[in-house]
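S.K.: Below you will find the structure I want to go over with you.
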Amino acid sequence: MRALIVDDSKTMRRIVGKVVKENGFEIIVEAENGEEAMTRLRDSSADAPVQLALVDWNMPVMDGLTFVKVARAEGFAELPIIMITTEGSMEYVTRAIEAGANEYLMKPFTKESLRDKLVLLGFETPI
Amino acid sequence: MIAATGSEQAFAFLRKLIYDNSAIVLEADKRYLLEARLGPMLTREHLGSFDELVARLNSGNSGPLRQRVLEAVTTHETSFFRDLHPFDMFRKTIVPRLLNERSATKRLNIWCGASSTGQEPYTIAFIIRECGLQLAGWTIDFIATDLSEEVLNRARNGLFSQLEVNRGLPVPMLIKYFDKVGLEFQVKADVRKMVAFRKLNLMEAWPAMPEMDVVFMRNVLIYFDVPMKKRILDRLARTIRPGGYLFLGTVESTHNLSNSFQTVQVGNATCYQRTT
């Protein structure tokens, strides 16, 4: 399985990548902003699709919320998207879900809480 | 109180220690969280700064101190929708059965027997809401018990930290059933009102309770020896109506402990039905 991690922080990409790998994803595709992430999505082929996107909110060039809107508008309707962000107000949570994100994880987060989100999205994770 | 000081190196060390041992990811901008959780500990340990704490952690025989640091940062291990599958089963299989079985009275008695800080009873309350039972004119008598008055009070308040709502709660339910109060999230008053929180020690005499349609007694039996497990299951058999349902923790079962229940299995989830 292939996961796309979108964050301008290299440290966060590494940490999120580590947890996602522990939960059954073999291939991690990284992007530093929403625009780069869209390029990675468009480049992904039908026989090696991206099956999950984990997206930061605040990034330069294109932020996470815009990425979610663009991805949905370009036909990536079924791609499970988890927003991972320091934004913790109900207004932000609601905006993310209305834009088309499937789940929302607030930083700081634990390895278990990310695994919970994967389970909620229907991914079978090792216990 | 004067805020304790600490260098960037000290906080970087603590972040790594916490991540390596608990997998809690703390970014550099979450320094306030470390200060809030570990600040009181510095006073207790007679340490003047976070650098002193780190120095102590790096000295020999720092195991117990390390443990106290981790305990101060990690929250109590419980979550909303813990194990997910039993709650899926409750919603999709058991609630429809109950609607059929109790259609004459339109009344359900539910007991959550280890409510702890409230994640489990509120999970059940959210499901009842999602099923629209109250809107359809049903009366739900929902009792949640625990032996600690302190955790019962926390549960009654329905206040949860960010780390707690991150655990297992589907985000549409966060939006629907919580308000943001300061840095915390509070279950809305109308949902809190659905649950009657009461003190009960399972080891002692149980108060009179209505005949239950469903009991959630999850991750409780594991703490007891075999005779006590049998005793609790025997009492549960008398509390649950014939045909009613019992949910246990994933690693628990009635096997070899009680003959009063039969297993109901749906996919990955199991519950136990009181034999008639």
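Read the figures in this text as sums done on the coordinates, not as results from a lab. No experiment lies behind these values; they were computed from the predicted model shown. Cβ sites come from the backbone with ideal geometry, for glycine too, and all protein chains shown count toward neighbours.
S.K.: How far is the Cα center of segment B:136-208 from the Cα center of segment A:67-90, in Å?
M.R.: When both Cα centres are located, 30 Å separates them.
S.K.: Would you be so kind as to identify which of B:132, B:86, B:57 lies farthest towards the positive end of the dipole of segment B:48-147, taking Lys and Arg as +1 and Asp and Glu as -1 on Cβ and the Cα centre as origin?
M.R.: B:132
S.K.: Taking only C-alpha pairs under 8 Å that are 6+ residues apart, what is the relative contact order of segment B:51-137 in percent?
M.R.: That works out to 29 percent.
S.K.: Looking at the P(r) of chain B, how many percent of alpha-carbon pairs lie beyond 36 Å?
M.R.: Every Cα pair in chain B considered, those over 36 Å come to 27 percent.
S.K.: Once the Cα gyration tensor of segment A:1-76 is found, what semi-axes does its equivalent ellipsoid get, as square roots of 5 times the eigenvalues, in whole Å, sorted largest first?
M.R.: So the equivalent ellipsoid measures 18, 16, 9 Å along its semi-axes.
S.K.: Which residue, B:144, A:46, B:123, has the largest displacement toward the positive end of the dipole of the protein assembly as shown when charges sit on each Cβ (Lys, Arg +1; Asp, Glu -1)?
M.R.: Toward the positive end, the furthest listed residue is B:144.
S.K.: Mind checking which helices in chain A clear 15 Å along their axis (Cα) and have mean Kyte-Doolittle hydropathy of -1.0 or more, DSSP H runs only?
M.R.: Span-like helices here: A:10-22.
S.K.: Here is a further query. If you project the alpha carbons of chain A onto the principal axes, what extent comes out on each, in Å, largest first?
M.R.: 35, 34, 26
S.K.: Roughly what % of DSSP beta bridges within the protein assembly as shown run antiparallel, to the nearest 5?
M.R.: 30 percent
S.K.: Tell me the volume per residue, in Å³, of the convex hull enclosing the alpha carbons of segment B:105-168.
M.R.: Value for segment B:105-168: 91 Å³ per residue.
S.K.: Please give the charge dipole size of the protein assembly as shown, origin at the Cα centre, charges +1 on K and R Cβ atoms and -1 on D and E Cβ atoms. Round to the nearest 20 debye.
M.R.: Roughly 1380 debye for the protein assembly as shown.
S.K.: What spacing in nm lies between the two simple spin-label points modelled at residue B:189 and residue B:91, each 7 Å away from Cα in the Cβ direction?
M.R.: It works out to 2.7 nm between the two label points.
S.K.: In bins 10 Å wide, starting from 0, what share of all Cα pairs of the protein assembly as shown does each bin hold, as a percent?
M.R.: Percent of Cα pairs in each bin: 4, 20, 26, 24, 17, 7, 1.
S.K.: Follow-up. Would you mind computing, in nm to one decimal, how far apart the modelled labels at residue A:27 and residue A:69 are, each placed 7 Å from Cα along Cα→Cβ?
M.R.: In this crude spin-label approximation the distance works out to 3.1 nm.
S.K.: Another one. At 37 °C and a viscosity of 0.692 mPa s, what translational diffusion coefficient does Stokes-Einstein give for segment A:37-87, taking Rh as the Kirkwood radius over Cα pairs? Give it in µm²/s as a whole number.
M.R.: 288 µm²/s
S.K.: With only Lys, Arg, Asp and Glu charged, each at its Cβ (+1 for the first two, -1 for the last two), find how big the charge dipole of segment B:135-224 is about the Cα centre; round to the nearest 20 debye.
M.R.: 300 debye
S.K.: Please sort through the DSSP H helices of chain B and keep those with an alpha-carbon extent of at least 24 Å along the long axis and a Kyte-Doolittle average not below 1.6.
M.R.: Answer set is empty.
S.K.: Which is farthest toward the positive dipole end of the protein assembly as shown among B:273, B:249, A:11, measuring Cα position about the Cα centre, with Cβ charges +1 (Lys, Arg) and -1 (Asp, Glu)?
M.R.: B:273
S.K.: Further, regarding this structure: Within chain B, what's the longest run with no trypsin sites (Lys or Arg not before Pro) in a DSSP loop and at most 13 other beta-carbon atoms within 10 Å? Give the range, please.
M.R.: Answer from the scan: B:1-105.
S.K.: Before rounding to the nearest 500, sum -39500 (n - 2.57) across all DSSP H runs of length at least 4 in chain A and divide by the residue total; then give [θ] at 222 nm in deg cm²/dmol.
M.R.: Mean residue ellipticity, 222 nm, calculated: -12500 deg cm²/dmol.
S.K.: May I ask which of A:117/B:176; A:21/B:188; A:10/A:117; A:111/B:229 have a Cα-Cα span longer than 28 Å here?
M.R.: Flagged as over cut-off: A:21/B:188; A:111/B:229.
S.K.: Restricting to DSSP loop positions (anything but H, G, I, E, B) with no more than 10 other Cβ atoms inside 10 Å of their own Cβ, which GluC sites (Glu not before Pro) remain in segment A:52-99?
M.R.: A:78
S.K.: For segment A:1-63, with only Lys/Arg (+1) and Asp/Glu (-1) charged at the beta-carbon, what is the dipole magnitude about the Cα centre, in debye rounded to 20?
M.R.: Rounded to the nearest 20 debye, it is 240 debye.
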